[in-house]
1. Could you go through the range 101-123 and let me know if any residue there is in contact with a His (Cβ under 9 Å, 6 or more places away or on another chain), of a type in the set (A, V, I, L, M) and within 26 Å of Ala65 (Cα to Cα).
2. Here is a check on your reading of the model: is Leu127 crowded, with 19+ Cβ neighbours inside 10 Å and out of contact with any strand residue (DSSP E or B) (no Cβ under 7 Å at 6 or more places or on another chain)?
3. What number of residues within the range 76-91 satisfy the criterion of being free of Cβ contacts under 8 Å to residues at least 60 places away in the same chain and not hydrophobic (A, V, I, L, M, F, W, C)?
4. Could you check, for the range 153-166, whether at least one of its residues is of a type outside the set (Asp, Glu) and within 16 Å of the ligand (Cβ to nearest atom)?
5. Hey, could you check the range 95-109 for residues that are away from the ligand (no atom under 16 Å from the Cβ) and touching a Phe, Trp or Tyr at 6+ places or on another chain (Cβ under 9 Å) and say which is farthest from His62 (Cα to Cα)?
6. Only one of Tyr63, Tyr88 is farther than 18 Å from Gly184 by Cβ and within 13 Å of the ligand (Cβ to nearest atom). Can you tell me which?
7. Could you list, in sequence order, all residues of the range 150-165 that are assigned to a loop (DSSP other than H, G, I, E, B) and at pLDDT 85 or above?
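The values are calculated or read from the model by the stated rules, or taken from the named source; none is laboratory data. Keep in mind the model is a prediction, meaning the values are calculated, not measured. Backbone-built Cβ (ideal geometry, glycine too); neighbour counts: all protein chains shown.
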Amino acid sequence: MNIKNTLEYVSVLDPYRKNRIVDILKENKIPYSFDIGSNYTNIVITPQCTDTSKTKMLLTAHYDAVEGSFGANDNGAAIALLLQLAKYFMFHESKYQIEIVLFDKEESGHFYGSLGYVTSHVIKNTLFINFDVIGCGDHITIVRHDNNLGIITVDNMRKYNIAEFEFFPPSDAMILNQIGRLNGLEISVFHRKILIINFHMKFVNTCIMAYMIILNLLIMIL
Ligand SMILES: [Zn+2]
């Protein structure tokens, strides 16, 4: 599985993304299931973990895009990253019980996928990291949603030059925290100097550096 190819493959207009994500899961023999509600279809990937005493960690990202957008940066990049991690955690033990959830219909403005997920599941002893807009730039930012319980240490924030934002536009992280009552983080990537965010870019050639930084960080902290 190559992260750049995956990103290009999933960066298509809706409604084709879901099927393309499923293609990749099948091709890589990654077990998955659908979490279906009246107006959403989330994709759930649970790498095997036999130790249920571990804290559960939801790794989440929305897979839908704004109408008419190829959505490479928002949010195909996050999907490609989570598919890569899904494969990684099939073969590597994490200190958490990992569950990866790809949410539908975030861009509806109603967050149907994440809202449906937190209201239809009993979720306890669980943290989350939500990824939104991570494809382009050299500058990782996090938004803490309550106490992150040490998911990212101060040392790692320094090492990876991570900036902390107090505020970010509403996203699935807000639903996980405010409705689901979960603690966690949102991770995004921006350019250090220019605060122009191209949410709906079609081309993906600048994405690889951001990926590698985040991938290294995640393998370190999970
Ligand atoms: Zn987004």
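1. Our first condition is that a residue be in contact with a His (Cβ under 9 Å, 6 or more places away or on another chain); within the range 101-123, this holds for 102-107, 111, 113-114.
Checking which are of a type in the set (A, V, I, L, M) leaves us with 102.
Checking which are within 26 Å of Ala65 (Cα to Cα) leaves us with 102.
Within the range 101-123 (the criterion being in contact with a His (Cβ under 9 Å, 6 or more places away or on another chain), of a type in the set (A, V, I, L, M) and within 26 Å of Ala65 (Cα to Cα)), the answer is yes, since at least one residue qualifies.
2. On the way: crowded, with 19+ Cβ neighbours inside 10 Å: yes; out of contact with any strand residue (DSSP E or B) (no Cβ under 7 Å at 6 or more places or on another chain): no.
Taking the combined requirement at face value, the residue does not satisfy it.
3. 0
4. Filtering the range 153-166 for residues of a type outside the set (Asp, Glu) gives 153-154, 156-163, 165.
Keeping just the survivors that are within 16 Å of the ligand (Cβ to nearest atom) gives 165.
Within the range 153-166 (the criterion being of a type outside the set (Asp, Glu) and within 16 Å of the ligand (Cβ to nearest atom)), the answer is yes, since at least one residue qualifies.
5. Looking only at the range 95-109, we keep the residues that are away from the ligand (no atom under 16 Å from the Cβ), and these are 95-100.
Still in the list and also touching a Phe, Trp or Tyr at 6+ places or on another chain (Cβ under 9 Å): 98, 100.
Details: Ile98: 17, Ile100: 11 Å.
Once the filter is applied, the top-ranked residue is Ile98.
6. On the way: Tyr88 fails: within 13 Å of the ligand (Cβ to nearest atom).
Answer to the check: Tyr63.
7. Let us first name the residues in the range 150-165 that are assigned to a loop (DSSP other than H, G, I, E, B), namely 150-153, 160-162.
Once the filter is applied, which keeps residues that are assigned to a loop (DSSP other than H, G, I, E, B) and at pLDDT 85 or above, the range 150-165 yields Ile151, Ile152, Thr153, Ile162.
Table: residues versus (1) assigned to a helix (DSSP H, G or I); (2) at pLDDT 85 or above.
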| site | (1), (2) |
| --- | --- |
| Ile100 | no, yes |
| Lys105 | no, yes |
| Gly113 | yes, yes |
| Thr141 | no, yes |
| Asn148 | no, no |
| Phe167 | no, no |
| Met174 | yes, yes |
| Leu185 | no, yes |
| Phe199 | no, no |
